[in-house]
Amino acid sequence: MVPFIPDSLPDLSGKIVLLPAGTFDPIVSKSQIEGLLKIFQKSGVDVTLKWQQSGHNLTEVDIVNAKEWLEKH
């Protein structure tokens, strides 16, 4: 999920990100998701993390969450 961590983080203030993640993802671990979340937060991103009871696939819940998130933002 995070192939490298930059030496200095960019200023991403004012950016918004939806970060969907599967609790049973065999490819991206929970710690990798949490690492990316921290990078976004330290960079000033308004990030929303949404855990799903899924793997590495998109689900209908992901689509509903994305729709709701887009309507809000």
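Taken together, the values in this text are just the output of simple stated rules run on the coordinates, not laboratory data. As the structure is a computational prediction, the values presented were derived from the model and not from experiment. Quick reminder, even Gly has a Cβ in these numbers, built from the backbone with ideal geometry, and neighbours come from all protein chains shown.
Quick look at the values:
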{"read-out": "Per-peptide average of other Cβ atoms within 10 Å, ordering 56-64, 12-20, 33-41 highest first", "value": "33-41, 12-20, 56-64"}
{"read-out": "The chain - Rg (one decimal) and Dmax (whole number), Cα, Å", "value": "12.9, 37"}
{"read-out": "Residues whose placed amide H lies under 5 Å from that of LYS50, excluding near-sequence neighbours", "value": "LEU19, ALA21"}
{"read-out": "Extension gain from LEU9 to GLN41, taking 0.36 nm per residue of separation minus the Cα-Cα distance", "value": "10.5 nm"}
{"read-out": "Vicinal HN-Hα couplings computed from phi for the stretch 50-67 (Karplus, 6.51 cos²θ - 1.76 cosθ + 1.60; Hz; Gly/Pro x)", "value": "10, 7, 10, 7, 8, x, 9, 9, 7, 10, 4, 4, 4, 5, 4, 4, 5, 4"}
{"read-out": "Over the chain: helical MRE at 222 nm, DSSP H runs n ≥ 4 each giving -39500 (n - 2.57), nearest 500", "value": "-11500 deg cm²/dmol"}
